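These notes are about the structure you will find just below.
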Amino acid sequence: VRRSSPVTQVTAMTHSHITIPKNLPLLIVADGVLLPGSTIRIPVSTVKNINLVRSRLTSGNRLASTVIGIITKEPDKGGKVNVLHDIGTAGVVVQVTGTNWPRPSYSLLVTGLCRFKLLSIIQEHPYPVASVRQLDDIKDIDDENGGQLAELVSEFKEAAQKLIDLLDVSVPAVAKLKDLVERVPSRQLADVVAALVRATLPERLQVLDAVDLATRIRVTLPLLLRHIQRLKDVREAGAEEENKTNAILHVSRGGRNLAGDPDALDNEENDVAELEAKIKAANMPEEARRASMKELGRLKRMSPHMPEYSMTRNYLDLIVELPWSISVKETCNISKARADLDADHYGLEKVKRRVLEYLAVGQLRGDLKGPILCFVGPPGVGKTSIAKSIATTLGRPYHRMSLGGVSDQHDIRGHRRTYIGAMPGRVIQGLRNVKVKNPVMLLDEIDKLSSGIHGDPGAALLEVLDPEQNFTFTDTYLNLPFDLSQEEKVMIGQLHLLPKQLQEHGLSSDILDIPKESFAIISK
């Protein structure tokens with residue numbers, strides 16, 4: 001998922017008067033604070049927050065629909081996060097990124113507009129909506145009222161300039177801070193600086209609660225001076241400029257101060273190292289290994305909060321979890337197969353004889369490549385259970401894939417990774433679940449397939465079933481060839497036998513004439 005609002009409109013909005021709606025949808029965060037004038041990236045993973053993203057942010061194009069309320073849950077004395085802070089920030093969502101697979105997870109880039117007072121929750125489901133009262137607006141203020149306030153603003157700007165002087169302006173984050181100090185209106189300066197320097201959650205909430213500008217500067221100034229002193233201490237200790245910058249600012253990490261959290265950085269590095277080891281141990285074809293290492297190199301260069309990070313990570317997780325070279329040894333014994341079929345099914349002599357012939361040929365050849373078994377019959381006659389018996393006899397894992405109602409070829413072939421909600425097709429997902437490359441895979445209800453605006457899934461199945469093609473089946477999401485030739489496809493068509501249908505409907509061959517060619521196709 002990737003969606004952006006017009007940047008020019010957002011920029012104009014943040015430099016003029018705005019009146020927010022009296023009722024705002026709420027995005028509830030547990031460990032972050034959005035301050036007016038600042039831009040942060042907020043991960044979205046809870047059910048209600050995901051519902052908000054889907055309902056408000058990915059279903060329309062109007063900029064007004066992207067104005068939401070950001071409210072923080074604050075920990076109580078017992079350390080439990082269960083109380084909503086009574087002051088929040090209205091923000092405009094300028095970008096939505098994320099994925100729907102393997103589980104829904106989004107990331108929002110939000111710019112703060114103004115503070116609001118939380119009056120009451122008027123809706124809980126599917127996402128919270130609150131009645132709010134705007135506490136401040138975002139007018140530009142050129143003339144400060146009162147000498148004391150002007151003096152505070154001047155002192156604050158001096159301290160901010162000291163911070164810049166101690167840093168390397170060639171670093172993008174420092175250059176951004178310098179530009180902000182020079183051009184941001186006085187009313188927003190304290191908020192912007194408080195968002196950039198390191199501070200605890202209670203300290204940021206204290207800044208948010210300071211609606212009056214003078215109070216806000218008095219609250220923020222000690223945070224700024226503390227970080228200036230910390231930077232001086234680091235410089236005296238002989239730390240490098242880049243490390244000093246990262247110790248103070250977290251702009252380059254999209255709102256999350258990973259540089260100030262060594263454990264978080266170590267965990268990220270350990271995860272990537274573990275992923276690299278899995279790629280080397282997967283024994284995948286050379287083409288897949290090269291593609292994996294290329295994507296891993298991109299992942300190493302990304303910040304964990306970049307929009308593409310989670311999508312690249314999910315893709316690599318899929319690659320290492322596929323059974324490129326893992327298969328189970330067959331235990332095909334014709335006498336045992338006959339006993340298993342007789343124990344599980346009464347009658348069906350022709351069907352059981354055909355299955356045994358199929359297994360016998362496979363035993364002689366050493367593999368089961370060849371015709372695909374297709375069982376045709378009304379519901380309840382034992383088609384699915386025969387497929388299970390075959391899997392048991394062969395000692396292979398069994399996987400059922402229902403195709404009833406499928407009308408999109410991407411369900412079979414997968415989606416391109418650049419598309420919204422991209423995920424691999426059902427075949428590749430099934431192989432990932434069974435963890436071997438030669439399962440017995442049941443394609444159930446193939447007669448219920450239908451063509452739609454997204455292509456013909458029946459045509460996509462041809463590449464899965466055709467022995468001349470399936471050894472290089474290419475899922476669109478995976479974008480790498482995968483060998484399906486060792487997989488047994490047992491196709492189930494929920495079709496009633498023609499003679500029985502003619503009899504039940506009082507028809508005869510004189511009334512209903514079906515060409516021999518058509519009947520031959522049906523009865524194969």
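The values are calculated or read from the model by the stated rules, or taken from the named source; none is laboratory data. Nothing here was measured: the structure is a model prediction, and the numbers come from that model. In this analysis, Cβ positions are derived from the backbone assuming ideal geometry, glycine residues included, and neighbour counts consider all displayed protein chains. For accessibility, only protein heavy atoms count, side chains too; no ligands or nucleic acids. Shrake-Rupley method; radii C 1.70, N 1.55, O 1.52, S 1.80 Å.
Sorting ASP271, ASP344 by accessible area (1.4 Å probe), largest first, what list results?
So the residues, ranked largest to smallest area, are ASP344, ASP271.
At R0 = 60 Å, how high is the FRET efficiency between ASP209 and ILE372 if r is their beta carbon distance? Nearest 0.05 is fine.
0.30
Which pairs in the list LYS336/LYS383; LYS73/LYS300; LYS73/LYS157; LYS278/LYS388; LYS162/LYS300; LYS294/LYS329 are over 22 Å apart, alpha-carbon to alpha-carbon?
Distance filter (> 22 Å) returns LYS73/LYS300; LYS73/LYS157; LYS278/LYS388; LYS162/LYS300; LYS294/LYS329.
Using a 7 Å offset from the Cα along the Cα-to-Cβ direction at both SER450 and LYS157, what is the distance between the two label points in nm, to one decimal?
A separation of 6.8 nm, rounded to one decimal place.
With θ set to phi - 60°, apply the Karplus curve 6.51 cos²θ - 1.76 cosθ + 1.60 along the stretch 147-152 and write out the HN-Hα couplings as whole Hz, x wherever there is a Gly or Pro.
Each residue's phi maps through the Karplus curve to give x, 5, 5, 4, 5, 4 Hz.
Considering only protein heavy atoms, with the full assembly of protein chains and a 1.4 angstrom probe, order LYS329, LYS232 by accessible area, largest first. Each step should come with its number before you reach the end.
Numbers: LYS329 180, LYS232 85 Å².
Largest accessible area first, the list is LYS329, LYS232.
For a quick check of understanding: with a 1.4 angstrom probe and all protein chains in place, what accessible area in square angstrom does HIS125 have, to the nearest ten?
140
Using a 1.4 Å probe, what is the accessible area per residue for the stretch 314-413, in Å²?
Working: 4970 Å² over 100 residues.
Ligands and nucleic acids excluded, the result is 50 Å² per residue.
Given the peptides 319-326, 203-210, arrange them by the average over their residues of other C-beta atoms within 10 Å, most packed first.
203-210, 319-326
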